[in-house]
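The block underneath contains the structure these notes are about, expressed in structure tokens.
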Amino acid sequence: YGFFAIPVASLFFGNELVVKIILFNLGVEVAIWTVGILLLTSSRLEIRKIFNPPAISVILALVLQVLGGREMFPDFSWEVLSMIGNCSIPMALMIIGASFYDLLKGYRPSPGFRVELGAVITRAIIVPAIFLLYANYGWIPQQTSWMSEVLLVQAAMPAGVFALVVVKNYEQDTETGLRAIMATMLVSIVTLPTWLWIGMYLQKVN
């Protein structure tokens with residue numbers, strides 16, 4: 001989900017917003033690997049499901065950042081971590097693409113395209129409209145005014161492919177997820193530039 005937004009943010013708003021997108025995605029990561037997994041797997045609160053390896057790694061990274069972790073370890077260790085970090089986005093895209101291709105082979109449209117239509121209406125129309133309304137008319141602190149641009153980019157995105165990997169990993173309904181992603185990906189050829197144009201126009205007007 002977040003990796004697709006990075007090149008779009010870089011193209012329209014420059015590399016400064018890319019950093020903000022990554023920070024924004026950290027919060028999303030925590031939500032997905034805690035609350036998201038909890039909702040996906042069971043209605044019962046189980047600590048072991050909330051504190052899974054991805055969630056722990058994100059939380060530890062945030063704690064180290066706040067505590068000034070750069071001073072706690074030698075420089076060479078950060079160089080190694082930096083190289084690994086630079087590989088993470090292309091590696092994630094390849095893994096997601098491979099998983100997506102594997103699932104795509106068994107893709108079957110839903111009866112009457114009901115799932116696909118519902119996904120398009122929800123993710124490509126209703127959600128972007130809500131995001132843009134808040135980004136332009138909602139309360140955003142002055143010191144985080146860049147959040148309106150982050151919300152604009154995220155609003156224009158189709159349903160995240162990464163969600164399908166999570167659903168598959170936890171042996172849930174991959175068919176519905178795949179249908180939603182396929183539909184929103186297809187219409188994003190039109191909706192993505194349209195919502196970006198509308199959002200940027202509203203920002204100029206306001």
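Read the figures in this text as sums done on the coordinates, not as results from a lab. The structure presented is a predicted model; accordingly, all values stated were derived computationally and were not measured. Because the Cβ atoms are built from the backbone with ideal geometry, glycine has one as well, and the counts that use them run over all protein chains shown.
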Tell me, what is the percent relative contact order of the chain, built from C-alpha pairs under 8 Å that lie six or more residues apart? 25 percent
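As an exercise, identify the GluC sites (Glu not before Pro) in the stretch 118-202 lying in DSSP coil whose Cβ has no more than 10 other Cβ atoms within 10 Å.
Glu171
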Can you give me the long-range amide H partners of Ser110? Hydrogens built in the peptide plane at 1.01 Å from N, cutoff under 5 Å, separation of 5 or more residues or another chain. Val115, Glu116
Using each residue's phi in the stretch 177-186, evaluate 6.51 cos²θ - 1.76 cosθ + 1.60 at θ = phi - 60° and report the 3J(HN,Hα) Karplus result to the nearest Hz, with x for Gly and Pro. x, 5, 4, 5, 5, 4, 5, 6, 5, 5
